[in-house]
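Novice: Shown below is the structure under consideration.
Computed from the coordinates by the stated procedures, all read-outs in this text should not be read as laboratory data. Given the structure is predicted, the values throughout are model-derived calculations rather than measurements. Quick reminder, even Gly has a Cβ in these numbers, built from the backbone with ideal geometry, and neighbours come from all protein chains shown.
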Amino acid sequence: MRALRAGMATAALVAIAATASAADDLARMSLEDLLNVEVTGASRHDQPLSETPSTATVITADDIRRFGFRDLGEALQMAPGVYTTHDRTYTYLGVRGFGRTGDYNSRILLLQDGARTNDPVYDQAMIGYEAPLEIDWVKRLEFVPGPSSALYGGNALFGIANAVLWTGADLDGTRVSFDAGSGRLARASILSGRLESNGLDWVAGLSVYGRRGDDLHFAEFEGPGADGVAHHLDGERYVKGLLKASWENWRGSLSYSWRSKDVPTAYFGTAFDTPGNFARDQSLQADLAHSRALAAGWDEEVRLHGGGYRYDADYPFAGAPTNRDVTRTVWWAAEYQLRYAGWRDHAWLFGAEVRRQPLLEQRNFDVAPGPDKLDDSHKGGGFGAFVQDEWRFAPHWLANLGARLDDQQGQPDMASPRVALIYRPTSAATAKLIYGKAFRPANDYERHYGDGITQKGNPDLKPERITTREVAVDVTPTPTLRLGIGRFSNTLHDLIGQVVDPADNLLVFRNQPGETQARGWETEAETLLTGGWRLRGNLVWQRVEQPGGGEPANSPHRVGKLFVDGPPAGGWSLGLSLQGLSARRTVADSVPGYVTANLTLRQTDMGPRGAWSVGLYNLAGKRYLDPAAPEDRQDALQSDGLQVRVRWEIGFR
């Protein structure tokens with residue numbers, strides 16, 4: 001807690017000094033331009049950031065390179081109130097105080113160029129190295145907090161993350177990079193793209209990664225003859241590929257990812273310090289869209305996307321056969337979207353979506369010959385229709401009105417409205433008032449996974465629901481200073497959690513009675529300093545209350561960030577990022593707050609010999625703690641200490 005307060009105080013002092021300095025040097029550039037940055041995910045079409053029906057955050061490719069972000073989760077932490085935890089297998093996103101341990105990322109919708117990537121069994125948005133796309137492929141990452149089911153249906157409960165990928169015209173050549181770092185890390189990547197003279201725009205990318213990892217100590221496994229060290233069991237490997245093209249009114253993409261992660265934590269009671277405990281994810285996704293202009297003011301788009309997902313995990317138990325989980329899914333979706341902007345001051349959007357899952361398979365069995373403990377295979381699907389109106393009903397005023405109705409197999413029909421009132425009296429000020437509802441249907445894992453030994457399914461689960469109210473103000477009082485403040489209030493119903501059924505002592509997912517309340521304040525500041533330095537920061541105060549009182553695990557009251565980047569000096573630029581979290585509850589106790597810092601030094605000019613960058617992560621080397629999940633024997637898991645990553649990159653035309 002002292003470290004967090006000290007870090008926040010330092011950030012505040014730096015911000016005050018920076019503002020004074022910026023006032024002496026009127027503007028190398030205007031921060032008003034940030035309000036006109038294009039955002040696609042908030043309303044399913046390009047629009048200025050100031051007109052989105054949310055307090056969206058845009059993370060650019062320059063931000064990703066400048067601060068050395070290694071995956072989507074690290075980049076998303078630029079957004080106010082967003083934080084991540086890592087259980088040595090997957091990375092999980094916390095949003096506005098809600099990041100319960102043991103939950104999957106099923107309340108965030110991850111989009112790739114606007115297409116859903118959440119798998120249809122766990123509904124998980126993968127944001128770490130397990131993500132289906134590589135961070136180097138991202139031109140712009142949009143985070144849209146708040147309910148987005150009015151346009152996207154289920155899973156957009158706390159928001160969406162939309163990764164907009166590079167085009168060939170953006171790249172106009174080839175980039176090759178090699179990385180090496182702590183834990184015997186090695187990575188090679190190539191990304192190439194071009195706009196041809198015949199109008200064909202294409203991109204191709206391939207990345208290969210491997211990391212042995214470090215030996216990890218867990219005091220919970222110390223004992224006679226046991227040092228509590230998991231030896232060589234934190235390794236990770238992945239392969240990711242991308243093909244993307246557009247020509248005239250057509251565009252399409254094909255992406256593939258395979259990732260294997262060794263599990264060192266001995267979760268679910270598996271044998272500690274034993275090889276063969278792993279989780280593997282494999283994803284193939286295809287997307288094809290055709291758009292065209294119809295009569296004056298009318299535009300339409302037809303889109304098909306789908307793919308397959310495979311999950312395998314082995315659980316070695318002491319004195320028993322290795323147990324295995326197997327998941328197989330195949331899915332496809334068809335979307336139609338019609339936009340009309342020819343009637344007075346209205347811009348209408350109509351759309352419909354059909355989703356089908358011809359294969360939803362979950363199996364659990366012992367590797368040794370024997371009967372399956374779980375063999376569940378069935379089909380799924382759903383339909384959704386939505387409408388949105390952007391109405392400029394008066395000078396400086398914009399109303400965004402939207403609603404969607406979803407009919408999903410095995411679930412009740414759900415209606416999701418969203419209303420946003422936006423006032424922009426000048427180009428330097430914006431005020432937003434937002435109200436919306438969203439839902440998350442129970443996923444296939446929660447409804448149907450049951451081995452009859454430790455866990456059983458519950459096909460009668462109801463969807464989770466959320467009601468959000470939000471007000472936000474963003475102003476640029478001088479060309480070199482931008483300030484923002486907002487207040488949010490979330491009310492959640494029928495939250496799904498895992499409990500023990502006293503009738504048979506089996507774990508089962510059930511809807512929790514009562515309301516869960518989450519409220520908070522979000523503040524942001526950004527300034528340009530003398531000499532081209534830039535300073536950005538945000539600080540969020542929040543509180544989550546469960547039915548009957550108390551707070552959920554992994555719910556910090558304060559989350560603060562500070563980002564400092566400097567102009568090229570001697571051919572190098574600097575990017576410094578700091579993040580602080582206050583204390584959080586765990587399943588049994590709590591973990592203290594912390595402040596961590598990352599530093600990236602990068603050559604800005606790529607000559608014929610390429611360019612180097614060096615990233616230092618967790619500069620102080622302190623192994624802070626994250627709350628562990630209920631399936632872990634540990635109540636908290638340590639982070640890595642100081643990590644070093646070196647990259648060499650070269651470009652060709």
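Novice: Over the range 2-652, what is the relative contact order in percent, taking alpha-carbon pairs closer than 8 angstrom and at least six residues apart?
Specialist: Worked out over the range 2-652, it gives 13 percent.
Novice: Would you mind checking LYS139/LYS622; LYS240/LYS456; LYS379/LYS437; LYS244/LYS561; LYS240/LYS379; LYS139/LYS240 for any pair whose Cα atoms are more than 26 angstrom apart?
Specialist: Among LYS139/LYS622; LYS240/LYS456; LYS379/LYS437; LYS244/LYS561; LYS240/LYS379; LYS139/LYS240, the Cα-Cα distance tops 26 Å for LYS139/LYS622; LYS240/LYS456; LYS379/LYS437; LYS244/LYS561; LYS240/LYS379.
Novice: Need the C-alpha centroid separation for the range 198-254 versus the range 369-385, integer Å.
Specialist: Between the Cα centres of the range 198-254 and the range 369-385 lies a distance of 27 Å.
Novice: Same structure, new question: When a/c reaches 1.5 or more, the comparison of a/b and b/c decides; with that in mind, is the chain rounded, prolate or oblate per its Cα gyration tensor?
Specialist: rounded
Novice: Hey, another quick one. For the residue pair ALA296 and ARG653, what label-to-label distance in nm results when each label sits 7 Å from Cα along the Cα-to-beta-carbon direction?
Specialist: Inter-label distance under the simple model: 4.4 nm.
Novice: Right, something else. Students often check this: by mean Cβ neighbours within 10 Å, which of 76-82, 379-385 ranks highest, and how do the rest follow?
Specialist: The densest-packed peptide leads the list: 76-82, 379-385.
Novice: Between ASP215 and ASP460, what is the label-point separation in nm under the 7 Å Cα-to-beta-carbon projection?
Specialist: So the label points at ASP460 and ASP215 sit 5.2 nm apart.
Novice: Taking the Cα centre of the range 90-167 as origin and charging only Cβ (+1 Lys, Arg; -1 Asp, Glu), how large is the dipole, in debye to the nearest 20?
Specialist: That gives a dipole near 280 debye.
Novice: Right, here's the next one. Under unit Cβ charges (Lys, Arg +1; Asp, Glu -1), what dipole magnitude, rounded to 20 debye, does the chain have relative to its Cα centre?
Specialist: So the magnitude is around 1080 debye.
Novice: Arranged from highest to lowest average of other beta-carbon atoms within 10 Å per residue, in what order do the peptides 103-113, 493-503, 219-229 appear?
Specialist: Working: 103-113: 23.6, 493-503: 14.5, 219-229: 10.9.
Descending mean neighbour count gives 103-113, 493-503, 219-229.
Novice: Per DSSP H run of at least 4 residues, take -39500 (n - 2.57); add these up for the chain, divide by its residues and hand me the 222 nm value, nearest 500 deg cm²/dmol.
Specialist: Computed ellipticity for the chain at 222 nm equals -2000 deg cm²/dmol.
Novice: Taking the range 599-650, which trypsin sites (Lys or Arg not before Pro) meet the DSSP loop condition and have no more than 10 other C-beta atoms within 10 Å?
Specialist: ARG609
Novice: Which residues does a label at THR530 reach in the range 550-588, if reach means a backbone N under 19 Å from a point 7 Å past the Cα toward the Cβ?
Specialist: The answer is 565-569.
Novice: Okay, next question. Along the Cα-to-Cβ line of VAL646, 7 Å from the Cα, sits a label point; which residues in the range 570-596 have backbone N less than 19 Å from it?
Specialist: Counting only backbone N, you get 572-575.
Novice: Still on this model: In nm, what is the difference between 0.36 nm times the number of residues separating VAL587 and TRP612 and their Cα-Cα distance?
Specialist: My answer for the length gained is 4.7 nm.
Novice: Computed FRET efficiency, Cβ-Cβ of ASP227 and LEU433, R0 51 Å: what is it to the nearest 0.05?
Specialist: The value I calculate is 0.30.
Novice: What is the spin-label model distance, in nm, from THR467 to VAL500 if the labels are put 7 Å beyond Cα along the C-beta direction?
Specialist: Calculated label separation equals 3.6 nm.
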